[in-house]
Amino acid sequence: SPAAYFGVALLPVACMTTFQFFTFKFFRSCNERMRRVEEEAVSTTSEVLRNLKTVRQLANEPSAAAGYARRGLARRLIGERIFTIRRMAECVVWCIFDSGIALSIVFGLPYV
């Protein structure tokens, strides 16, 4: 019946809406995490610049340099992971959207 086909066509829209709700919620938490990491990086950088008297003196403090490099690497890895997750989520959303269009065409074609 047309009502059943209409329900089948709307099913991907409901799935996509639910998926986007949780995806956006996750992205907000990721953005908050990135903001905290960036704030820590800025405070670390300002601390290093305050304590930095010469480049040679920083080279003589390997633990400080290693900690600074470690925080920079962590910041880059988190950013890369968030970017990858966002791209994957976009692909899933578009697959759901395209499947909804395909279902509408397949099930609605006999009624056109």
Next on the checklist: Can you give me the distance in nm between label points at Phe22 and Tyr5, each placed 7 Å from the Cα along the Cα-to-Cβ direction?
Outcome noted: 3.1
Item to check | For segment 2-111, the Rg and Dmax computed from alpha carbons only, in angstrom | outcome: 24.1, 79
Checklist entry - Given a Förster distance of 22 angstrom, what is the FRET efficiency for Ile82 paired with Leu49, based on the Cβ-Cβ distance and rounded to 0.05? => result 0.20
Checklist entry - Mean separation of Cα pairs under 8 Å and 6+ residues apart, divided by the residue count of the chain: what relative contact order is that in percent? => result 61
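A short reminder: the numbers here are calculations on the coordinates, not readings from a lab. All values reported here derive from a predicted model rather than from experimental measurement. All Cβ positions, glycine included, derive from the backbone under ideal geometry; neighbour counts span all protein chains shown.
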